[in-house]
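Engineer: Attaching a single structure in structure tokens format; questions to follow.
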Amino acid sequence: MPITRKISKVLKDKPTLEGAGVHLNRVFGFSEVPLLDPFLLLDDFRSDTPEHYRKGFPWHPHRGIETITYVLEGDVEHGDSLGNQGVIGRGDVQWMTAGSGIIHQEMPQGDGQGRMYGFQLWANLPAAHKMIDPRYQGVLAGEIPEAELADGARAKVICGQVAGVSGPVRDIVTDPRYLDVSVPAHTETRLPTPPGHTVFAYVIAGEAYFCTEKDPFSYQVEGRNYFDMRRDPLLVNRELALFEDGEEIAVITEDQPVRFLLVSGRPLSEPVAWYGPIVMNTNQELRQAFEEYERGTFIKHKA
């Protein structure tokens, strides 16, 4: 029998301000390093209020990481030091490998109803790859395949593979998997996960249990005590479950369906030196990056 992962921690997003004054919700970030290694940050920028996101993220640098932007509704205009310009639209994904350094801007525009829904995930790069040439993998909604899973569940496969379906984002060094999973109500299903990889599920609609543990189990999340004699606590919209090691996760729904992001990646187990948009392995490398940015020698690639 496959080993089912147990929940090791539950996180709930917190309101924060970023960029030029963008209101968003941070699910995890600097204070959780290295808990979710190789992942550094997850922001939920779902909003129906244009004045909360229109100021956007003007020109800023990145080095040593990958930023993964997944848009559900609305548009995000972007441009960069590679000379790229474009729009990340409804259902699209932009997987940016900053590598040795890139300067870019991201300006959320929303849609005709004022909606701007999406997520940005940061993934760390190993020391041996931090100074590789930057690149983009831009994926349109229609290019993202959907896998039919057991028990009526289904998954949009952005990166990695599930049920024989491979995502369009390829050749990522941490071997990540990024799925947008939907499970109908009154369903118990299992999803395979790579042993030894960090795995988390972030609920974006509905609710579900993510463990079949029958023993009484209690812990605290954001000041609320959960205790359930049957199984682990019910996770709802904007809550994240981080799992212990294993070969699969269990998802149990009752009266409501659930939709969640299921993300996994190979841990790097390397030191992290992080300030703002730049993540390196040592403070010396970090200082060098900012000195180069000030001197105008930050960009190593040819535009």
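Computed from the coordinates by the stated procedures, all read-outs in this text should not be read as laboratory data. Since the structure is predicted, the reported quantities are computational estimates derived from the model, not experimental observations. Here Cβ is always computed from backbone atoms with ideal geometry, including for glycine, and neighbour counts include all displayed protein chains.
Engineer: I'd like the distance between the alpha-carbon centres of the stretch 95-115 and the stretch 262-286, rounded to an integer number of Å.
Structural biologist: Centre-to-centre distance over Cα atoms comes out at 21 Å.
Engineer: Also: Expected output is a single nm value to one decimal: the length gained when fully extending between His23 and Glu294, i.e. 0.36 nm times separation in residues minus the C-alpha distance. What is it?
Structural biologist: Full-extension gain reported as 94.8 nm.
Engineer: Report the relative contact order of the stretch 7-265, percent, no decimals, based on alpha-carbon pairs under 8 angstrom and at least 6 residues apart.
Structural biologist: 19 percent
Engineer: Place a +1 charge on the Cβ of each Lys and Arg in the chain and a -1 charge on the Cβ of each Asp and Glu, then give the dipole magnitude about the Cα centre in debye, rounded to the nearest 20.
Structural biologist: In total the dipole reaches around 380 debye.
Engineer: With the dipole of the stretch 7-265 worked out from charges on the C-beta (+1 for Lys and Arg, -1 for Asp and Glu) around the Cα centre, which of Ile132, Gly142, Ser166 lies farthest toward the positive end?
Structural biologist: Highest projection toward the positive end goes to Ile132.
Engineer: What's the local net charge at Asp92, with K and R +1, D and E -1, over the other residues with C-beta under 10 Å away?
Structural biologist: Taking every other residue near Asp92 into account, the sum is -1.
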